[in-house]
Amino acid sequence: MGLARTMVDHALVAAGIGEAGRGVARLAVSEAFTNALLHGRPEIGVEVWARSGRCGVVEVYDAEPTLPRFPEGGELVELLTEHGRGLALMQAFTRQVCGAYRWGEGKRVWFAVDSDGGELNAVEVRGLVEERARRWLPAHTMSVI
């Protein structure tokens, strides 16, 4: 997991993402990668891409097709439960700019961070992620939540 954080951090530095955004990314990638290790299937990996120095997007992928269920609205996650807190934490860290989609036989869990740690337009970023996913994979194998 430390390797995933380091790789993401280096990729975001190269993309012009400041320390505030990278700090959020380090926390969020820890949660996403842990979930992939616990609930996913190999091949597990991380991909980072950026949009013109405005935001960085991190996608953690694995071969398990089941999409994770993010808590909705004001839904609380039990603090004492063994599982389920990671996605809620990811939502909090990224200010709800995160999601998941099917990718071939598996899935990708993604989140975005602003270049200077500010707020992103969640609708705009979701559109970017969907557009990028559509370009790389036929529509019949992709569903975005």
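At a glance:
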{"quantity": "Residue check, Glu59 within 16 Å of Glu105 (Cα to Cα) and within 11 Å of the chain's Cα centre (by Cα)", "calculated": "yes"}
{"quantity": "Scope the range 1-14; condition free of Cβ contacts under 8 Å to residues at least 60 places away in the same chain and crowded, with 19+ Cβ neighbours inside 10 Å; matching residues", "calculated": "Ala4, Val8, Ala11"}
{"quantity": "Qualifying residue in the range 25-45 (condition: touching a Gly at 6+ places or on another chain (Cβ under 7 Å), surrounded by 14 or more Cβ atoms within 10 Å (Cβ to Cβ), aliphatic (A, V, I, L, M) and closer than 23 Å to Ala88 by Cβ)", "calculated": "yes"}
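Yes or no, residue by residue, for (1) part of a loop (DSSP other than H, G, I, E, B); (2) of a type outside the set (A, V, I, L, M, F, W, C); (3) in contact with a helix residue (DSSP H, G or I) (Cβ under 6 Å, 6 or more places away or on another chain); (4) modelled with pLDDT under 90:
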| position | (1), (2), (3), (4) |
| --- | --- |
| Met7 | no, no, no, no |
| Leu37 | no, no, no, no |
| Pro42 | yes, yes, no, no |
| Phe70 | yes, no, yes, yes |
| Glu75 | yes, yes, no, yes |
| Gly86 | no, yes, yes, yes |
| Ala100 | no, no, no, no |
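The values are calculated or read from the model by the stated rules, or taken from the named source; none is laboratory data. All figures in this text were calculated on a predicted structure; none of them were measured in a lab. For neighbour counting, all protein chains shown are included, and Cβ atoms are generated from backbone atoms with ideal geometry for every residue, glycine included.
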